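Notes follow the structure.
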Amino acid sequence: MKFPVALSLAIGVSIALSACSSYRPAPPAFHEALNAPYRLGAGDRIRVTVFEQDSLTNTYVVDQGGYIAFPLVGAIAARGKTVKQIEQGLAFSLANGFLRNPDVSVEIDTYRPVFVMGEVGSSGQYSYVPGMTAQKAIASAGGFSPRANQTDVDITRDINGEVMTGRVRITDPLLPGDTVYVRERLF
């Protein structure tokens, strides 16, 4: 009788350990990206102000190719650049034959969305707001389902063109464009 109990216990432990084998802690770059200057990506909308040039002042969306279409100068590469880099690039382009000493200001109007999947009320795309955590994104998605693991989640994040996935606590901050995956709990 003791052998089947020991065998059952061994099988249970091996199943539990095999479930842990998919564990991927967040790489160091995950947390470093939180402190780095924000880099634009497809879906971000920026507000460009060219002082004393009302016809150029407008909001522009970063398209799927990573560009914004700006009057006079055409397509400007925006993916992976900071707002400061866009400001400098636009000022330089406008100074080349269009305006004398252009004064350009760029700010983020709307961030690209975050995505929430897995064991939540309603998976989908949700608006990002500064300071958003995984827990707040899950709340936007209708909260946890009854079978959800409520302690940590898997985040997929694009860092400098490389897509990485790592497991973090639900209180960790998100970045625009992140995908949050809520796993099913084992017990």
Fill in: Filter result for LEU90 (in a loop (DSSP other than H, G, I, E, B), out of contact with any helix residue (DSSP H, G or I) (no Cβ under 6 Å at 6 or more places or on another chain) and either over 30 Å from GLN125 (Cα atoms) or modelled with pLDDT of 80 or more (or both))
no
Discussion item. Just to be sure I understand, how many residues within the stretch 149-160 are surrounded by fewer than 15 Cβ atoms within 10 Å (Cβ to Cβ) and under 15 Å from PRO27 (Cα atoms)?
Written reply: 1
Item to complete: Would you confirm whether any residue within the stretch 137-145 is buried (at least 16 other Cβ atoms within 10 Å of the Cβ) and under 30 Å from GLN88 (Cβ atoms)?
Response: no
Worksheet, complete the sentence: Note on the stretch 30-51: residues loosely packed, with under 15 Cβ neighbours inside 10 Å and out of contact with any Leu (no Cβ under 9 Å at 6 or more places or on another chain) are HIS31, GLU32, ASN35, ALA36, PRO37, PHE51
Item to complete: Determine whether the stretch 73-88 contains at least one residue that is exposed (fewer than 14 other Cβ atoms within 10 Å of the Cβ), more than 26 Å from PRO37 (Cα to Cα) and under 22 Å from the mean Cα position of the chain (by Cα).
Response: no
Response to the item:
Among strands (runs of 3 or more DSSP E) entirely within the stretch 94-171, at least 2 residues that are touching a residue at least 60 places away in the same chain (Cβ under 8 Å) and within 15 Å of the chain's Cα centre (by Cα) occur in 104-110, 114-118, 152-159, 162-169
Worksheet item: Is at least one residue of the stretch 173-183 surrounded by fewer than 15 Cβ atoms within 10 Å (Cβ to Cβ) and in a loop (DSSP other than H, G, I, E, B)?
Response: no
Practice prompt. Could you check, for the stretch 56-79, whether at least one of its residues is in contact (Cβ under 8 Å) with a residue 24 or more places away in the chain and in a strand (DSSP E or B)?
Written response: yes
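The values are calculated or read from the model by the stated rules, or taken from the named source; none is laboratory data. All values reported here derive from a predicted model rather than from experimental measurement. Note that we place each Cβ from the backbone using ideal geometry, even for glycine, and neighbour counts take in every protein chain shown.
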